[in-house]
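Okay, structure first, notes after.
The values are calculated or read from the model by the stated rules, or taken from the named source; none is laboratory data. Just so we're clear, the structure is a prediction, and the values are computed from it rather than from any experiment. Cβ placement follows ideal geometry from the backbone for every residue including glycine, while neighbour counts extend to all protein chains displayed. Each accessible area value is taken on the protein alone, full model and side chains, heavy atoms only, with ligands, DNA and RNA left out. Shrake-Rupley method; radii C 1.70, N 1.55, O 1.52, S 1.80 Å.
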Amino acid sequence: DEDPERFFQLVKDDAQFELKHNGKVIGAASAKAIWQKIVSNALKGGEPGLLNGYLANKMSNIWYFKPLICTNPCGEIWLIEYDCCDLGSLVLPRFVRKHPKGEKWGVNGFEIDRELLGQTIDIAVRFLDNVLTVNSYPMEEIRETCEQIRRIGLGVTGLDTMLMEMGLRYNSSEALELVDGLMNFIKNRAYEASIQLAIEKGSFPVFDADKFLQSGFAKTLKPSLRQSIRENGIRNCA
């Protein structure tokens, strides 16, 4: 529950970190040594990394309702108690287009069909939202939570294949720039789609415009989206 920035400062200062159990200090150790051990074990074991629960709750759109306490089994999505992971993926290589005459436009003669991608995002958001309505839930508490917050998760798959088809190295600056712009487009279009669903069907029941827009993540949204959420609401908490 502690701000991890405090720990990282102790790492930078090569200071001692208090070890606690059940709220009691039982010892101390070098913060830098602990961090180096974590990094070493992650590299040796192929572990994907650490999840920063403090930051996740700071960024959570529904910070005012209930805290994020866990992820789903594969770690794609943070969840509150009795939450569910209603997930779908955009298959990115399907949106790559090559100029029929091989002319050098876009990236190495390739381009992402953003019109088709945008239409697919609109359908995907509606589809995932409908899943929450028709799903058979194993527990009443899960059904109630999903009705209250209507969390969906629209992700991507085939990123590496898409980049290879476009002639880009996975870790190149060109690839990073392309992916950054692509994910920003997906984020904005998904939120726009959820706003349109709110106009059509209503916002998720525990939506509070003022508090929602105070969240760390909502503050990253472009001004026009924030204004639209304030005026029209949003169908899904995330």
Within the stretch 106-131, which residues are surrounded by fewer than 17 Cβ atoms within 10 Å (Cβ to Cβ), of a type in the set (A, V, I, L, M) and within 20 Å of Met166 (Cβ to Cβ)? Leu116
Quick one: count up the residues across the stretch 34-56 that are small (Gly, Ala, Ser), open to solvent by less than 50 Å² (accessible area, probe 1.4 Å) and at pLDDT 90 or above. 1
Restricting the search to the stretch 132-157, which residues are assigned to a helix (DSSP H, G or I) and open to solvent by less than 20 Å² (accessible area, probe 1.4 Å)? Leu132, Thr145, Cys146, Ile149
For the stretch 158-179, does any single residue satisfy the condition of being open to solvent by less than 30 Å² (accessible area, probe 1.4 Å), within 14 Å of the chain's Cα centre (by Cα) and not small (Gly, Ala, Ser)? no
Please enumerate the residues belonging to the stretch 222-231 that are in a helix (DSSP H, G or I) and open to solvent by 20 Å² or more (accessible area, probe 1.4 Å). Pro223, Ser224, Arg226, Gln227, Ser228, Arg230, Glu231
What pairs can you find where one residue is in the stretch 34-47 and part of a helix (DSSP H, G or I), the other is surrounded by fewer than 10 Cβ atoms within 10 Å (Cβ to Cβ) and of a type outside the set (A, V, I, L, M), and their Cβ atoms are less than 7 Å apart, with a gap of 6+ or different chains? Ala42/Gly49
Please go through the stretch 158-195 and pick out each residue that is over 21 Å from Phe95 (Cβ atoms), assigned to a helix (DSSP H, G or I) and not β-branched (Val, Ile, Thr). Ser173
By residue number, the members of the stretch 57-78 that are touching a strand residue (DSSP E or B) at 6+ places or on another chain (Cβ under 8 Å) and surrounded by fewer than 18 Cβ atoms within 10 Å (Cβ to Cβ) are Ile69, Cys70, Thr71, Asn72, Glu76
Looking only at residues that are modelled with pLDDT of 95 or more and hydrophobic (A, V, I, L, M, F, W, C) in the stretch 11-24, which one is surrounded by the fewest Cβ atoms within 10 Å (Cβ to Cβ)? Ala15
Which members of the stretch 204-221 meet the condition of being loosely packed, with under 14 Cβ neighbours inside 10 Å and outside any helix (DSSP H, G or I)? Pro205, Asp208, Gln214
On the basis of being open to solvent by less than 40 Å² (accessible area, probe 1.4 Å), more than 26 Å from Glu177 (Cα to Cα), touching a residue at least 60 places away in the same chain (Cβ under 8 Å) and touching a Gly at 6+ places or on another chain (Cβ under 8 Å), does Asp86 make the cut? yes
